[in-house]
1. Under a crude label model (7 Å from the Cα following the beta-carbon direction), how far is Lys168 from Val118 in nanometres?
2. Taking H placed 1.01 Å from N in the peptide plane, check which residues at least 5 places from Arg138 or on another chain put their amide H under 5 Å from its amide H.
3. So what is the calculated 222 nm ellipticity per residue for the chain, using -39500 (n - 2.57) for each DSSP H run with n of 4 or more, over all residues, to the nearest 500 deg cm²/dmol?
4. Can you pull the three principal axis extents for the Cα set of the range 1-128, in Å, largest first?
5. Eight or more residues apart or on different chains, and alpha-carbon atoms under 20 Å: count the Lys pairs in the chain matching that.
6. Between Gln55 and Ile133, how many nm apart are label points set 7 Å from Cα along the C-beta direction?
7. Take the chain, mark every one of the GluC sites (Glu not before Pro) that falls in a DSSP loop and has at most 10 other Cβ within 10 Å, then report the longest stretch left between them, sites excluded.
8. Can you compute the FRET efficiency between Glu27 and Ala92 using 1/(1 + (r/R0)^6), with r the Cβ-Cβ distance and R0 = 35 Å? Round to the nearest 0.05.
Amino acid sequence: MLELQTERLRILALAPDHLDLLLRDPEQFEKNMGLRASPSETRKPLNVPLETMIQRVNEDPERYYWYTNWKIILREELAIVGELCFLGAPDAEGQVAVVYGIAEPYQHQGIMTECLRVMLTWAFRQQEVRALIAEVPRDNFAAARVMEKTGAEKLREGGGSCWWKIVKRA
């Protein structure tokens, strides 16, 4: 399992066996990881079903981190407070897409900005990555602010979404 850290956070890329346990028994997953039981509001899933993640991880196990669920853990509480998922390996142009979310009780504390900065540093160390793309609901001002704070530029708006892009600096 790949782990990134900040002073406040542990960010875990779930290995295939962890992802499978999370799907089957979230409480046991938390216990095995040495975490406190998460309140239900922290279990709001991303737009990518765990079953889909498991399938993609099993298809490309060497690069599972592009397909798996990354859990965001607040160290002081030993609790999962959010999650992030890349939507696949970098495409031919070196772009990776990401979705993310923070449980409501932990929003507006800079956690997602802190997490995304570390994730960007990690992603841009991967030779094939040149840019990160995120689709953010137009009415989610906090998520848009995270994009701005991490140096993203708004690409376009359409429907109920805004697309943001962060380019790797040379």
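1. 2.1 nm
2. Under 5 Å from the amide H of Arg138: Ser161, Cys162.
3. On the way: 5 runs with 50 residues, N = 170.
Calculated mean residue ellipticity at 222 nm is -8500 deg cm²/dmol.
4. Principal axes ranked by extent give 39, 31, 22 Å for the Cα atoms.
5. Lysine pairs, 8 or more places apart or on different chains, close enough: 7.
6. 2.1 nm
7. Longest stretch, sites excluded: 8-92.
8. Working: r = 41 Å, r/R0 = 1.17.
About 0.30, to the nearest 0.05.
Bear in mind these aren't lab numbers, they're just calculated from the coordinates by the rules spelled out. Computed from a predicted model, the values in this text were never measured in an experiment. All Cβ positions, even for glycine, are placed from backbone atoms using ideal geometry, and neighbour counts span all protein chains on display.
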